[in-house]
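Single-structure report; data block below.
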Amino acid sequence: MIFITGPLLAGKQSYICGALGLSLDEFARRAVWDVQDLAAREPDLPALADALSRREIVIATEVGGGVVPTDPEERAAREAAGRLSCLLAERADTVVRVCCGLPQVLKGRLPC
């Protein structure tokens with residue numbers, strides 16, 4: 001599994017499509033994205049990470065930067081998103097952080 005993470009609107013999808021030579025249709029079939037939104041609704045994060053890691057490409061937006069929310073539910077959702085990203089990175093063959101469209105391979109290497 002390839003795990004891509006990075007800030008909102010940083011070019012994560014464009015990067016992986018270009019790096020793997022995927023059309024938008026191929027990308028939609030092979031990838032799952034915005035998985036950080038799933039973390040807040042899932043009490044069993046390891047099970048969610050196991051299920052997501054069966055996909056070829058998993059993309060999560062980093063949500064841990066900036067001002068910490070005062071709302072307890074928002075803080076819990078942010079914490080869950082961060083924990084899910086850690087679990088996915090642990091399970092991934094390749095981890096890439098994309099910021100401003102620039103990739104930084106954190107683990108493994110891209111198969112291209």
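The values are calculated or read from the model by the stated rules, or taken from the named source; none is laboratory data. Remember, predicted model here, so these are calculated numbers, not experimental data. Cβ coordinates were reconstructed from backbone atoms using ideal geometry, including for glycine residues, and neighbour counts include every protein chain displayed.
Give me a count of the residues in segment 14-51 that are among the polar types (S, T, N, Q) and either without any contact (Cβ under 8 Å) to a residue 12 or more places away in the chain or touching a helix residue (DSSP H, G or I) at 6+ places or on another chain (Cβ under 7 Å) (or both).
Restricting attention to segment 14-51, the residues satisfying the condition of being among the polar types (S, T, N, Q) are 14, 23, 36.
Now narrow it down to the ones that are either without any contact (Cβ under 8 Å) to a residue 12 or more places away in the chain or touching a helix residue (DSSP H, G or I) at 6+ places or on another chain (Cβ under 7 Å) (or both): 23, 36.
Qualifying residue count, segment 14-51: 2.
Looking at segment 23-33, which of its residues are part of a loop (DSSP other than H, G, I, E, B) and either under 15 Å from Cys86 (Cβ atoms) or out of contact with any strand residue (DSSP E or B) (no Cβ under 8 Å at 6 or more places or on another chain) (or both)?
Narrowing segment 23-33 to residues part of a loop (DSSP other than H, G, I, E, B): 23, 33.
Passing the criteria: only Ser23.
From Arg78, Arg55, grab the single residue that is of a type in the set (D, E, K, R), within 23 Å of Leu20 (Cβ to Cβ) and either touching a residue at least 40 places away in the same chain (Cβ under 8 Å) or in a helix (DSSP H, G or I) (or both). Before the answer, list the steps.
Numbers: Arg78 fails: within 23 Å of Leu20 (Cβ to Cβ).
Checking each option against the conditions leaves just Arg55.
Could you tell me which residue of segment 2-20 is nearest to Arg91 (Cα to Cα), considering only residues that are aliphatic (A, V, I, L, M) and surrounded by fewer than 17 Cβ atoms within 10 Å (Cβ to Cβ)?
So the first thing to find is which residues in segment 2-20 are aliphatic (A, V, I, L, M), and the list is 2, 4, 8-10, 16, 19-20.
From the residues that got through so far, the ones that are surrounded by fewer than 17 Cβ atoms within 10 Å (Cβ to Cβ) too are 8-9, 19.
On the way: Leu8: 23, Leu9: 24, Ala19: 21 Å.
The residue in question is Ala19.
How many residues are in a loop (DSSP other than H, G, I, E, B) and surrounded by fewer than 18 Cβ atoms within 10 Å (Cβ to Cβ) when one looks only at segment 34-45? Spell out the reasoning first.
Quick first cut of segment 34-45, residues in a loop (DSSP other than H, G, I, E, B) only: 34-35, 40-44.
From what is left, the residues that are surrounded by fewer than 18 Cβ atoms within 10 Å (Cβ to Cβ) are 34, 40-44.
The total comes to 6.
Of the residues Ala89, Ala40, which is in contact with a strand residue (DSSP E or B) (Cβ under 6 Å, 6 or more places away or on another chain) and of a type in the set (A, V, I, L, M)?
Details: Ala40 fails: in contact with a strand residue (DSSP E or B) (Cβ under 6 Å, 6 or more places away or on another chain).
That would be Ala89, the only listed residue that is in contact with a strand residue (DSSP E or B) (Cβ under 6 Å, 6 or more places away or on another chain) and of a type in the set (A, V, I, L, M).
Has segment 74-94 got any residue that is surrounded by 15 or more Cβ atoms within 10 Å (Cβ to Cβ), under 22 Å from Arg109 (Cα atoms), among the β-branched types (Val, Ile, Thr) and under 10 Å from the mean Cα position of the chain (by Cα)?
No, segment 74-94 contains no residue that is surrounded by 15 or more Cβ atoms within 10 Å (Cβ to Cβ), under 22 Å from Arg109 (Cα atoms), among the β-branched types (Val, Ile, Thr) and under 10 Å from the mean Cα position of the chain (by Cα).
What's the number of the only condition in (1) touching an Asp or Glu at 6+ places or on another chain (Cβ under 9 Å); (2) hydrophobic (A, V, I, L, M, F, W, C); (3) part of a loop (DSSP other than H, G, I, E, B) that Val67 fails to meet?
Only one criterion in (1) touching an Asp or Glu at 6+ places or on another chain (Cβ under 9 Å); (2) hydrophobic (A, V, I, L, M, F, W, C); (3) part of a loop (DSSP other than H, G, I, E, B) is unmet by Val67, namely (1).
For Ala49, state whether it is in contact with a Lys or Arg (Cβ under 8 Å, 6 or more places away or on another chain), not in a loop (DSSP other than H, G, I, E, B) and not β-branched (Val, Ile, Thr).
When the stated conditions are applied, Ala49 passes them.
So, in segment 69-109, of the ones that are out of contact with any Pro (no Cβ under 9 Å at 6 or more places or on another chain) and among the β-branched types (Val, Ile, Thr), which residue ends up modelled with the highest pLDDT?
Here the answer is Val95.
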